[in-house]
1. Dividing the alpha-carbon radius of gyration of the chain by 2.2 N^0.38 Å (N being the number of residues), what value is obtained?
2. So how do 114-126, 45-57 stack up, highest first, on mean other-Cβ count within 10 Å?
3. Calculated from DSSP H runs of 4 or more alone, at -39500 (n - 2.57) each and per residue, what is the 222 nm mean residue ellipticity of the chain, nearest 500?
4. Expressed as a whole percentage, what fraction of the accessible surface of the chain belongs to carbon and sulfur atoms when a 1.4 Å probe is rolled over the protein heavy atoms?
5. Would you please give the residues with an amide H less than 5 Å from that of Glu208, counting only those at least 5 places away or on a separate chain, with H modeled from the backbone geometry?
6. With a cut-off of at most 10 other beta carbons within 10 Å, and DSSP calling the residue loop, which GluC sites (Glu not before Pro) in the range 91-137 qualify? Please list them.
7. Give me the percent relative contact order of the chain, please, defined on Cα pairs under 8 angstrom at least 6 residues apart.
8. If you count, for each residue, the other Cβ atoms within 10 Å and average over each peptide, how do 232-241, 192-201 line up from highest to lowest?
Amino acid sequence: MNRFIPAALAALMPFAAVAEEAESSFVEANILGIFYHELAHALIDLEQVPIFGQEEDAADVFSILMIHTLFEEEAAQALAYDAAWGFIGEAEMREGGVEEIAWWDTHGPDEQRFYNTVCLFYGANPDAREEFAKEFDLPQERAEYCPMEYEQADASWGVLLDELTARGAGQTITFEGDTDSLTAQVIAEEVKALNNELSLSTQLTVREESCGEANAFYDPEAREVVFCSEFEDHLRQMEAQL
Ligand SMILES: [Zn+2]
């Protein structure tokens, strides 16, 4: 995974470029975290990754693994911090609307996705992230196992990432944006950074467009990740409530 270090610098640049506006760093971090989550769905399909368990959990794991792997410590912590808060925000927005937890959903409850995120990120570098775990009240009972959870994640997704980077740079991910929103900027830069580091076995399109709802998803028929432009406003509202 050391091959990813140059990408860390490349990937860091778009983040740093817009991170100056403190109020947008939460929104930006969550756009990136969700983009990695959707990219995982795309990889599972395009690279025929076997998944033992819930695909949604595997996608969350991939997202936090990317944040840990691509970014230097300070930036990674800032991103993981905001991504973890993103799950709290989703839970709070749900409670505000008095919506019940959708136990039937393929996604785990937001509260659990929050703890999984905190645990995995802490487990990836426990020495440097004790404060991080403390801040989010990660219980000791779970914290003990987090380094092992991270090792397992790295041993599974890491193999695929090594394979993709071994293929070298390419233009296998294409970005098509409808606006010049923060979403479009963040994703366009990230797609560029990923193309500089790796190649997929099949062409993938990442599209930013209005879809009438705050959503992001992978469409296996079209081989497209769709990031709805409405998501950005949803994240801004969430930030205002936190
Ligand atoms: Zn998903």
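The values are calculated or read from the model by the stated rules, or taken from the named source; none is laboratory data. Everything numeric in this text was worked out from a predicted model, so none of it was measured. Every residue, glycine among them, receives a Cβ derived from its backbone with ideal geometry; neighbour counts consider all protein chains shown. Protein only, heavy atoms only, side chains kept; ligands, DNA and RNA dropped before computing areas. Shrake-Rupley method; radii C 1.70, N 1.55, O 1.52, S 1.80 Å.
1. 0.95
2. My ranking of the peptides, most packed first, is 114-126, 45-57.
3. Rounded to the nearest 500, it is -20500 deg cm²/dmol.
4. 50 percent
5. It is Glu176, Gly177, Asp178, Phe227, by chain and number.
6. Glu99, Glu100
7. 23 percent.
8. 192-201, 232-241
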